[in-house]
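The values are calculated or read from the model by the stated rules, or taken from the named source; none is laboratory data. Quick caveat, the model's predicted, so the values are computed rather than measured. Positions of Cβ are generated from backbone atoms using ideal geometry, with glycine treated the same way; all protein chains shown enter the neighbour counts. Areas reflect the complete protein model, heavy atoms only, side chains present, ligands, DNA and RNA absent. Shrake-Rupley method; radii C 1.70, N 1.55, O 1.52, S 1.80 Å.
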Amino acid sequence: MLLTPQPTPIQEIHDAVFDQAGVRLLIKRLDLVHPLISGNKWYKLKYNLITAREQGFETLLSFGGAYSNHIHALAGAGAEYGFKTIGVIRGEEHKPLNPTLQFAVDHGMRLHYLNRVDYRHKDSAEIIEYMKDEFGDFYLIPEGGSNAMAVQGCAEIIAEIDQPFDVIACACGTAGTLSGLIAGLQGQHQALGVAVLKGAGFLGDEVRLLLSESGNQQYENWQINLDYHFGGYAKTKPELLDFMRRFEAANVIPLEPVYTGKLMFGLYDLIAANHFQRGQTVLALHSGGLQGRVGFEI
Ligand SMILES: *Cc1c(COP(=O)(O)O)cnc(C)c1O
């Protein structure tokens, strides 16, 4: 199985604030990488799909919330590359299905709901055994898709960038993508993660763990900013939604409020506060996830 990403453009964003700060802001449009497998999830899944195929698995199983971009991408990957997929969803079933889960079902995914208590133990041997009894053998991908193979896949994003930059920035949920960028940079330049959840101090340890699990050095040219979570995961505030409306109108680039909206808000704010040195170029990763826009009033 050969997985080659569709080439995606890098665009420059213009704003008087950037001129004042003497900083350039570029955006890498990974949201355009694949019609069914959005953004960073394409890269996170790549080596998982290759390994599952090599090892003879026909079924992929993973976990997520009812609006999960990862579940959406996994269903798309199953349809595209000929795997059966099982999505283990946190919480109760709600009918009609929301657009994320409807897409998953329409692309062949079988959904299984776990109550919140069992969901917390989803990685336990007991729950995995139960799943095997229920569904037969499967290739297991962790919630959010962050494992050593996701790091390997996301590292390849760096090689696709054909313009000079000083800092590469991405939104951080589990930090799998950030870890991959750090691995791909191999100590050059800087990586900046913007955490989209509250209390995300643990993400630094996640990065160190994922770098070590994927056989990478403990590089130190990275940081995680914790200031732009807007109250927590998938929480928004009027100022975030206002910013997104203005950004979209000025640049004709769609964002969503869970990840990319917070990333871009954070970068504008940091640039305005002269966080970056004059003359630097910041490259933001548009990690996709636009399916998640549905349901927010933007
Ligand atoms: C999943 C996702 C992220 C977070 O990626 P992690 O590797 O979990 O940090 C960022 N942006 C979008 C659009 C996503 O769907």
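Points worth noting:
- Every residue from segment 158-181 that is over 17 Å from Gly144 (Cβ atoms) and aliphatic (A, V, I, L, M): Ile158, Ala159, Ile161, Val167, Ile168, Ala169
- Failed condition for Thr260, given (1) away from the ligand (no atom under 13 Å from the Cβ); (2) among the β-branched types (Val, Ile, Thr); (3) crowded, with 22+ Cβ neighbours inside 10 Å: (1)
- If the condition is being surrounded by 14 or more Cβ atoms within 10 Å (Cβ to Cβ), touching a Lys or Arg at 6+ places or on another chain (Cβ under 9 Å) and aliphatic (A, V, I, L, M), then segment 1-25 contributes Leu3, Ile10, Ile13, Ala21, Val23.
- So Gln277, is it within 13 Å of the ligand (Cβ to nearest atom) and either farther than 20 Å from Asn40 by Cα or open to solvent by 30 Å² or more (accessible area, probe 1.4 Å) (or both): no
- Count of residues meeting criterion [surrounded by 17 or more Cβ atoms within 10 Å (Cβ to Cβ) and under 15 Å from Ala169 (Cβ atoms)] in segment 201-225: 5
- Test: residue in segment 206-224 that is among the aromatic types (Phe, Trp, Tyr) and in a loop (DSSP other than H, G, I, E, B): yes
- Of the residues in segment 232-253, at least one is touching a residue at least 40 places away in the same chain (Cβ under 8 Å), polar (S, T, N, Q) and closer than 25 Å to His34 by Cα.
- Members of segment 70-104 that are more than 16 Å from the ligand (Cβ to nearest atom), under 21 Å from the mean Cα position of the chain (by Cα) and open to solvent by 60 Å² or more (accessible area, probe 1.4 Å): Glu80, Gln102
- Any pair with Cβ under 7 angstrom, 6 or more apart, that starts in segment 101-123 at a residue that is in contact (Cβ under 8 Å) with a residue 40 or more places away in the chain and ends at one that is among the acidic types (Asp, Glu): none
- Pair list, Cβ under 7 Å, 6 or more apart: segment 165-184 residue in the same structural domain as Leu197 (by TED's automatic domain parsing), other residue modelled with pLDDT under 95: Gly173/Gly144; Thr174/Gly144; Gly176/Gly144
- Test: residue in segment 244-252 that is among the polar types (S, T, N, Q), within 15 Å of the ligand (Cβ to nearest atom) and surrounded by 16 or more Cβ atoms within 10 Å (Cβ to Cβ): no
- Candidate set from segment 177-200 (those that are assigned to a loop (DSSP other than H, G, I, E, B) and in contact with a strand residue (DSSP E or B) (Cβ under 9 Å, 6 or more places away or on another chain)); member that is most open to solvent (accessible area, probe 1.4 Å): His189
So that you can scan it fast, the table gives a plain yes or no per residue for (1) closer than 15 Å to Tyr233 by Cα; (2) within 10 Å of the ligand (Cβ to nearest atom); (3) among the acidic types (Asp, Glu); (4) in contact with a Ser or Thr (Cβ under 7 Å, 6 or more places away or on another chain):
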| site | (1), (2), (3), (4) |
| --- | --- |
| Gly180 | no, yes, no, no |
| Gly184 | no, no, no, no |
| Gly201 | yes, no, no, no |
| Leu210 | no, yes, no, yes |
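- Checked against (1) at negative phi; (2) away from the ligand (no atom under 13 Å from the Cβ); (3) open to solvent by 40 Å² or more (accessible area, probe 1.4 Å), Thr174 passes all but condition (2).
- Residue satisfying all of: in segment 118-147; open to solvent by 40 Å² or more (accessible area, probe 1.4 Å) and over 25 Å from the mean Cα position of the chain (by Cα); farthest from the ligand (Cβ to nearest atom) among these: Asp133
- Consider segment 11-41 and keep the residues that are within 24 Å of the chain's Cα centre (by Cα) and more than 15 Å from Thr260 (Cβ to Cβ). The one that is nearest to the ligand (Cβ to nearest atom) is Ile37.
- The residue that is farthest from the ligand (Cβ to nearest atom), counting only those in segment 47-65 that are open to solvent by less than 20 Å² (accessible area, probe 1.4 Å) and part of a helix (DSSP H, G or I), is Ala52.
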